[in-house]
Amino acid sequence: MSFPPPRAVTSAEETVGSLVAPEGGPAVRGSYDTVAESYAELVGQGMEAEALWERAVLGVVAASVSAGAVVGDLGCGTGRVAGYLRGLGVSVVGVDLSPGMLRVAARDHAHVAFAAGDMTRLPLATGVLGGALAWYSTVHSSDEQVDAMAAEFARVLAPGGVLCVAFKVGPDGSAPASWLLHAYGRPVRLPVYRRPVDELCAILGRHGLTETARVVRQPEDREATPQGFVLFRRAARVAGSAS
């Protein structure tokens, strides 16, 4: 698959990116700051090695947003998903709470706008995004934190906007299924949550986000659990909102 050459960041992406400020998540932020460079070396810059379903889901997201709309890759890490979406012709801004990951993202994906921010308190204008992506960026978060994130996803999405959440599937998301203590050659301390699809959809649904599709694929290679991908659309009018 060939991608368009790098291009200048659009004014819409600059506007979105300028609204984001660093805050929150010190434990997760510290762990990802520690592994940023080794993560990039081991995982790479692109999505070509990912499973077919991952790339197919991202293709659906790209095809679902309105022309000219900005998609927020929320919890973007080193920017490889944001870069892939940009290669599909989507205007993207990446947001992450780890300065270390963002430095790598800006270096490796210069054609994408990146800025720092916490998904539970996104300093983005209401309705500024035509689409949003939480690509495994909820896996270290409790149900209460995901609920706060869901409220923010709904707030920053324009009416009719599209949301995609990728996550690890498991029988119970009320507590961590495990703790990640060593990753990418470095010590870390990160809880890992695995949620039933219906449980995640219920949390998102409380905030005016309606499920439109779901995919669950079985584990591949060294994966321990199935992987879930759910698409939502923000209601044209959310209860309690003037939009």
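The residues of the stretch 84-101 that are more than 12 Å from ALA62 (Cα to Cα) and either touching a His at 6+ places or on another chain (Cβ under 9 Å) or of a type in the set (A, V, I, L, M, F, W, C) (or both), listed by number, are VAL93, GLY94, VAL95, LEU97, MET101. If the condition is being open to solvent by less than 20 Å² (accessible area, probe 1.4 Å), without any contact (Cβ under 8 Å) to a residue 60 or more places away in the chain, in contact with a Gly (Cβ under 7 Å, 6 or more places away or on another chain) and of a type in the set (A, V, I, L, M, F, W, C), then the stretch 146-199 contributes only VAL197. Does GLY46 qualify as being open to solvent by 20 Å² or more (accessible area, probe 1.4 Å), modelled with pLDDT under 95 and within 20 Å of VAL156 (Cα to Cα)? So GLY46 fails the test.
The listed residues are GLY100, GLY72, GLY68, and the only one of them that is surrounded by 24 or more Cβ atoms within 10 Å (Cβ to Cβ) and either of a type outside the set (D, E, K, R) or free of Cβ contacts under 8 Å to residues at least 12 places away in the same chain (or both) turns out to be GLY72.
Would it be correct to say that VAL238 is at pLDDT 95 or above and not in a helix (DSSP H, G or I)? Before you say what the answer is, go through the steps one by one.
Values: at pLDDT 95 or above: no; not in a helix (DSSP H, G or I): yes.
Spelling it out, it is not the case that VAL238 is at pLDDT 95 or above and not in a helix (DSSP H, G or I).
Report yes if some residue within the stretch 176-192 is among the hydroxyl-bearing types (Ser, Thr, Tyr) and over 23 Å from SER38 (Cα atoms); otherwise report no. No. Here VAL156 passes the criteria (1) in contact with a helix residue (DSSP H, G or I) (Cβ under 6 Å, 6 or more places away or on another chain); (2) among the hydrophobic types (A, V, I, L, M, F, W, C); (3) more than 27 Å from GLU220 (Cβ to Cβ) except the one numbered (1). For the stretch 105-130, taking the residues that are of a type in the set (D, E, K, R) and surrounded by fewer than 20 Cβ atoms within 10 Å (Cβ to Cβ), the one that is nearest to the chain's Cα centre (by Cα) is identified as ARG121. Find the residue count for the stretch 58-87, including only residues that are of a type in the set (A, V, I, L, M, F, W, C), over 13 Å from the mean Cα position of the chain (by Cα) and at pLDDT 95 or above. Looking only at that region, the number is 6.
The values are calculated or read from the model by the stated rules, or taken from the named source; none is laboratory data. Remember, predicted model here, so these are calculated numbers, not experimental data. For neighbour counting, all protein chains shown are included, and Cβ atoms are generated from backbone atoms with ideal geometry for every residue, glycine included. Ligands, DNA and RNA are stripped out before the accessible areas are found, and what is left, the full protein with its side chains, is counted by its heavy atoms. Shrake-Rupley method; radii C 1.70, N 1.55, O 1.52, S 1.80 Å.
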